[in-house]
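Structure record follows, encoded as structure tokens.
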Amino acid sequence: MILEPLPPKVLSIRHIPAAHPALLRAYGADPAKHVSLGLVTCDQDDPTYVALDEATKHAHVDVVFAKSFYAGAAHASGPLSGEILGVIAGADPDEVAEGLDALLRCLAHDACFYAADDQGKIAVFPHVITALGHYLSALAGLQPGQPMAYLVAPPMEFTIGLDAALKAAAVEAAQIDPPPSATNFASAFLSGDQPNCEAAALAFAAAVVDVARRPLLPRPY
């Protein structure tokens, strides 16, 4: 199975070397240990969450704010808003700059959605993180350095895909977020060793593609 990648588009990225304490607090940072902020907007939220986690593996930064916008990038509040705003914070502006560089590399070369149908209207995210950073590991209740399958799709496709993923490999559901998300998708974090996470992600993607291409099955169901 070969899926066509749908590369994420970074819409804006800025660095505030010395942020005002009120701004730091508003975005979840701690002025006692954070000085600098790095901000990014992107038209794909889940790859950006992965990229934010990647930043924590390459620089001494914390992810202090990351939220998806309602209804997704197609209904954004402006041309630079996209689907998510992510904010990293650190004590050293150079570390925050390094974190932003790692984030951009991840979005350019690693994390992206894929087209599950020929028209590219149905997107699937069957991503495997080989070693978690301290951001997503905390969200998933796992340890930094563990592998994790990060699975996302629209509601019906996700449900069928998740069932297939859980049955296909020796993985456990660390977290399941049924539909609707802020962007009307659904997601799950699955834990296990890397080969099983990869097998689960492949099974998930295959099931999503099957639903996308055969949405109405003849009886018997």
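Results, tabulated for the structure shown:
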read-out: From Thr56, Thr48, residue being in a helix (DSSP H, G or I) and touching a His at 6+ places or on another chain (Cβ under 7 Å); value: Thr56
read-out: Filter result for the condition that a residue is surrounded by 20 or more Cβ atoms within 10 Å (Cβ to Cβ), within 20 Å of Asn184 (Cβ to Cβ), at pLDDT 95 or above and of a type in the set (Val, Ile, Thr), over Val96, Val87, Val63, Val152; value: Val152
read-out: The stretch 123-139, residues that are farther than 15 Å from Pro47 by Cα and crowded, with 20+ Cβ neighbours inside 10 Å; value: Ser137
read-out: Residues (in a helix (DSSP H, G or I) and either under 19 Å from the mean Cα position of the chain (by Cα) or among the polar types (S, T, N, Q) (or both)) located in the stretch 167-198; value: Gln194, Asn196, Cys197, Glu198
read-out: Matching residues in the stretch 199-213 - criterion: being within 15 Å of the chain's Cα centre (by Cα) and farther than 22 Å from Ala138 by Cα; value: none
read-out: Residue check for Ala76: at pLDDT below 95 and in contact with a Phe, Trp or Tyr (Cβ under 7 Å, 6 or more places away or on another chain); value: yes
read-out: Filter result (exposed (fewer than 11 other Cβ atoms within 10 Å of the Cβ) and touching a helix residue (DSSP H, G or I) at 6+ places or on another chain (Cβ under 8 Å)) within the stretch 1-26; value: Met1, Ala18
read-out: Within the stretch 1-49, tally of residues that are more than 22 Å from Leu139 (Cα to Cα) and hydrophobic (A, V, I, L, M, F, W, C); value: 14
read-out: Contacts under 6 angstrom Cβ, first residue in the stretch 81-109 being within 14 Å of Ala19 (Cβ to Cβ), partner of a type in the set (Asp, Glu) and part of a strand (DSSP E or B), 6 or more apart; value: Ala89/Asp62
read-out: Failed item in (1) touching a helix residue (DSSP H, G or I) at 6+ places or on another chain (Cβ under 7 Å); (2) within 25 Å of Gly133 (Cβ to Cβ); (3) among the charged types (D, E, K, R), with Glu157 passing the rest; value: (2)
read-out: Filter result for Leu162 (surrounded by 22 or more Cβ atoms within 10 Å (Cβ to Cβ) and assigned to a strand (DSSP E or B)); value: no
read-out: Qualifying residue in the stretch 106-122 (condition: in a strand (DSSP E or B), of a type in the set (Lys, Arg) and either on the phi < 0 side of the Ramachandran plot or surrounded by 19 or more Cβ atoms within 10 Å (Cβ to Cβ) (or both)); value: no
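The values are calculated or read from the model by the stated rules, or taken from the named source; none is laboratory data. Here the structure is a predicted model, which is why all the values come from computation and not from measurement. Neighbour counts run over all protein chains shown; Cβ positions are idealised from the backbone, glycine included.
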